[in-house]
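Contents: one structure, followed by commentary.
The values are calculated or read from the model by the stated rules, or taken from the named source; none is laboratory data. All of these numbers come straight from a predicted model, not from anything done at the bench. Ideal geometry is used to build each Cβ from the backbone, glycine not excepted, and the neighbour counts take in all protein chains shown.
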């Protein structure tokens, strides 16, 4: 009889532990009643990686497996395009940026393309064979001017439409997993292992290394609207700089949801809301600077990892936003 009670006790104990653990990995966040996102289907298995528009209606999305698609209605619908590239090479188009009719594309391996007619025609530019790393981020700086960053943290600038490029840093930062540029021209990068991050401010020619704030490896970093940094780390951890101008001062960890999936990106919408996106359709928002969060019902239906959130608020009346997911999944901001 004592053995029976002992076995029953063990079963109850195991069940209690199981329930306790399940509470640690299940979201208890409320689900928003409505969503500002419209799902779009690109009809591709490729991953969209970046989007840019030449005007309010006309733009391109680029991604893996040579993906390039064009929209003429503000991103509501997309049609496949092609580029004049070698058929036997599987290019990854990772970055695109327009300023009016002039556009730039950066891709891997070793690809930079330039257009002066709103993307009707693209010309491939020659790059140095000894370029540290592969093109990772391209920024349009005005007519014939652009800045190119590689996945090794090398930064180059052209003022003649890409005919020549001049290095702006004395040495590369090393292999990076993420690299972002602020509107002011500052850079931040995350090391390939996520064990530290680096900053490069305007006027500097050497990257400055910084220790991560906790034992959690850094997933990605970027810039808040005020120019300060945000950080997403493993374990679904979000942190914000809490002292202006001090990139080594971080607030307490914000962990709004622990569903077993990491966040991959963070972004601010035109209304001041903060969005976090991640694995298995994770898409959540806060309207009070991280004090409380809600699950977005549209993101929750996406059978995809959501890898990037992009907002263009340069025009208040025509602000655009997109959430990019794997395997052709795309959400469009409708406000």
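A compact table of results
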item: In the stretch 291-309, residue nearest to residue 333 (Cα to Cα) [restricted to those that are under 11 Å from the mean Cα position of the chain (by Cα) and either free of Cβ contacts under 8 Å to residues at least 60 places away in the same chain or surrounded by fewer than 16 Cβ atoms within 10 Å (Cβ to Cβ) (or both)]; result: 309
item: Tally of residues being touching a strand residue (DSSP E or B) at 6+ places or on another chain (Cβ under 7 Å), over 17 Å from residue 190 (Cα atoms) and modelled with pLDDT of 95 or more across the stretch 127-144; result: 6
item: Output for the stretch 45-64, where each listed residue is closer than 20 Å to residue 303 by Cα, part of a loop (DSSP other than H, G, I, E, B) and touching a strand residue (DSSP E or B) at 6+ places or on another chain (Cβ under 8 Å); result: 46, 47, 64
item: Residues being surrounded by 21 or more Cβ atoms within 10 Å (Cβ to Cβ) and outside any loop (DSSP other than H, G, I, E, B) - total across the stretch 65-82; result: 2
item: Strands (runs of 3 or more DSSP E) wholly inside the stretch 229-287 containing at least 3 residues that are within 23 Å of residue 211 (Cα to Cα); result: 229-233, 237-240, 263-268
item: Failed item, numbered, when residue 286 is tested on (1) crowded, with 21+ Cβ neighbours inside 10 Å; (2) without any contact (Cβ under 8 Å) to a residue 60 or more places away in the chain; result: (1)
item: Criterion (over 23 Å from residue 108 (Cβ atoms) and at pLDDT 95 or above) met by exactly one of 213, 202; result: 202
item: Hits in the stretch 140-180 (condition: under 18 Å from residue 220 (Cβ atoms) and crowded, with 19+ Cβ neighbours inside 10 Å); result: 149, 150, 151, 152, 153, 173, 176, 178, 179
